[in-house]
Structure formats: C-alpha cells, structure tokens
Amino acid sequence: MDHADTSWFHAALPKRRLLQWSAAAVTLAALSACGGGDDDHPPDIVELAKSEPDLSILVEAVVAAGLVDTLKSPGPFTVFAPTNAAFAALLTELKLTKEQLLANKPLLTAVLTYHVLVAKVMAANIASGKAVTTVQGGVFKIDTANGAVITDGRNRTARIVRTDIAASNGVVHLIDRVLLPADKDIVATAQSLPDFSILVEAVVAAGLVDTLKGPGPFTVFAPTNAAFAALLGELGITKEALLANTALLTAVLTYHVVPGRVLKADVPINTPIRTVQGQTFSIDAMLRITDQRGRMASIVATDLFTSNGVIHVIDKVILPAA
C-alpha cells in the first residue's frame, strides 16, 4: 500500500513547509512574465501564461503572490492553469471580489501552489486515480476514464480542457475550475455528512477524536448509519450499550482505519490489509471487504478526500476476530 507523507499539512514541520512554499514560488513564477519566445527558445511558464488572454487573471494572481521568479526558474514544473472563467466562478463561490482575493497573499499562495507539481507531467503520463502531491503539500487525483477530471482536496471537480502546452521549464494544462486544498480533517468531514452521525458518536465515545484529527495520513473505511443500525441488531445490543463499551468500540473502530492514504486505485486486491487495530481484512476486485469473522461489506463510495487522509464509505460494520 502507498503510505503517503505523514507530514502533509503538519504545522509542526515549518522547515518542510518553507521548502514547499519555495518550490511553489519557483513553480508559479513562470506564469507571469510572457515574452514571445520563438521555436528554438520556447517561453517559460510565466511568459506562456502572459501570451494566453484567457490566463490573464492567473498572471495577476501569480504577480500578487510574489511567485513570478519562482515560476521563471528552471523547474521543471507542471501547472494546472485555471482560466479567467474559472477564477470568476471561484470569486462567486468564496464570496470575494478579485481585489480581496489578490490582497489575501496566504490564501492566494496556498491556492496557486496547489496547482503546481515539481515535475513535468504530460497528459499521456497521468496516473489515473492516483494521489498527486502538489507544491502546496496537499493532494488531488486525476481520473482519465471519461476525459481528464480532477478531484481536489474539497472533493470538487474540474476538467482539463487543454493539455500539453509546452514551456521552456515545464508544461501547462488548462483547467475549467480553480482547485482548492482540503480544509477539513477526517473528523470534521464525517461531522459534515449526516449519514456518518453514529460513526461520529462512536469516535467521540471511544476517545479517538484527537487521533483522527492528527496529521496521519489515515484511510478510514466509514460505516453508514444504516450499517451501524444493522450491527446493533446483529449483536443484539442497543446503541447506548455499544457506545458505553469502550474496549469493544475502540477495537471495532480502529479495525476500520489503515495507516497511510490509500486511494481506490492503490487498494491491494485479495491481499491482507493491516489495520491500526492490528488485525487484517481483505478486499476483492468487486470492492467487497471480508473481515476476520468471514463477514462481507461492500465499499459503496471511494476517495473522499480530507486534509489528513481519505475516506471510503462501507455498507456494513466490519469486525475483528472475537
């Protein structure tokens, strides 16, 4: 399994964050100064952006964030460049004016560096469904099954509308929506979704809130309310009795957590997957989980991004060996 960098969004590592911003700056600087360039000397990323009328707001943003020199550096970089229409939609979504966005340098820098990779990735080389780590430190994924669709850290989607625009220090892909890094951890994400209300109660009762709000990353196989209701019937207990049994509750909940950020594309098929609880379960090609008691649950939704990992939704509470 792919164990992602556990320091993502970890404020306790300022040195790494500084390096990420520096890399970001190098990445986005190329997006602001556009000269012409010729066939023998293609423009850098900034010059290229300046030559594209539909990237004029992006250029303004790069200048305002102080990232011009960064994006004019050797790289190589890959920039997912939002169009002017994408920025206009973002302003409506965030309820900001363009002037307010450009004046908010921390937000602007975080958003812009989230669009940059420190590598040259052509469209043909995109690994579909895999976690893509950005200069900002957050991740997104790109699915290529039905066109190139990006899912960002807030589970919003954007389409790549033009690919492989060559620059001297990398490549630019145009996208139709501004991407945003995750702003909710696993607990906050579960709290925001009504179908996880019993799961949230269970996490609180087991004293696991701080753990699941930690840096991680974690992969959580999250049972729905219906899954918990079925478990109560199976065990012949009330919800209150389950929540009061801290030992059982902790064992069950930690059995649903796997270290690392494991997206659907990285799930090892028919291979024992070790959990935080210590025991394993397996997942078949149909995304069905078999637990230690031979019971089966189906993964009904995958790759719900959070700031400290990913959530997959399951239709049955899985159980470790008795």
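The values are calculated or read from the model by the stated rules, or taken from the named source; none is laboratory data. What you see is a predicted model, and the numbers here were worked out from it, not measured in a lab. Glycine also receives a Cβ, built like all others from the backbone with ideal geometry; neighbour counts cover every protein chain displayed.
Just a few scattered comments:
- The criterion of being in a loop (DSSP other than H, G, I, E, B), over 26 Å from residue 56 (Cβ atoms) and of a type in the set (D, E, K, R) holds for residue 183.
- Residues satisfying the stated conditions in the stretch 264-302, i.e. in a strand (DSSP E or B) and surrounded by fewer than 19 Cβ atoms within 10 Å (Cβ to Cβ): 273, 274, 280, 282, 288, 290, 296, 298, 299, 300, 301, 302
- Being without any contact (Cβ under 8 Å) to a residue 40 or more places away in the chain and within 18 Å of residue 305 (Cα to Cα) is a property that residue 196 has.
- Taking the stretch 64-95 as the range and being over 18 Å from residue 163 (Cα atoms) and β-branched (Val, Ile, Thr) as the test, the residues that pass are 68, 70, 92.
- Single match in 230, 202 (criterion: modelled with pLDDT of 95 or more, closer than 23 Å to residue 292 by Cβ and in contact with a Leu (Cβ under 7 Å, 6 or more places away or on another chain)): 202
- Search result, residues across the stretch 48-63 that are within 19 Å of residue 163 (Cβ to Cβ) and either assigned to a helix (DSSP H, G or I) or touching a Phe, Trp or Tyr at 6+ places or on another chain (Cβ under 9 Å) (or both): 48, 49, 51, 53, 54, 55, 58
- Residue match in the stretch 214-222 (condition: over 25 Å from residue 287 (Cα atoms) and either touching a residue at least 40 places away in the same chain (Cβ under 8 Å) or surrounded by 15 or more Cβ atoms within 10 Å (Cβ to Cβ) (or both)): yes
- Number of the exception - residue 248 against (1) outside the structural domain of residue 285 (by TED's automatic domain parsing); (2) outside any loop (DSSP other than H, G, I, E, B); (3) not acidic (Asp, Glu): (1)
- Considering 105, 95, 120, 130, the condition of being in contact with a Lys or Arg (Cβ under 8 Å, 6 or more places away or on another chain) and among the basic types (Lys, Arg) is satisfied by 130 alone.
- When the stretch 186-212 is filtered for residues that are assigned to a loop (DSSP other than H, G, I, E, B) and within 13 Å of residue 254 (Cα to Cα), the ones remaining, listed by number, are 206, 207, 208.
- Here the condition is being farther than 16 Å from residue 309 by Cα and among the hydrophobic types (A, V, I, L, M, F, W, C); of 190, 206, it holds for 206 alone.
Yes/no matrix, rows are residues, columns are (1) surrounded by 15 or more Cβ atoms within 10 Å (Cβ to Cβ); (2) free of Cβ contacts under 8 Å to residues at least 12 places away in the same chain; (3) touching a strand residue (DSSP E or B) at 6+ places or on another chain (Cβ under 6 Å); (4) among the polar types (S, T, N, Q):
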| position | (1), (2), (3), (4) |
| --- | --- |
| 95 | no, yes, no, no |
| 105 | no, no, no, no |
| 115 | yes, no, yes, no |
| 122 | no, no, yes, no |
| 128 | no, no, yes, yes |
| 131 | yes, no, yes, no |
| 141 | yes, no, yes, no |
| 144 | no, no, no, yes |
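- Residue in the stretch 235-246 that is under 30 Å from residue 143 (Cβ atoms) and among the basic types (Lys, Arg) present: no
- Residue match in the stretch 160-173 (condition: over 18 Å from residue 304 (Cα atoms) and free of Cβ contacts under 8 Å to residues at least 24 places away in the same chain): yes
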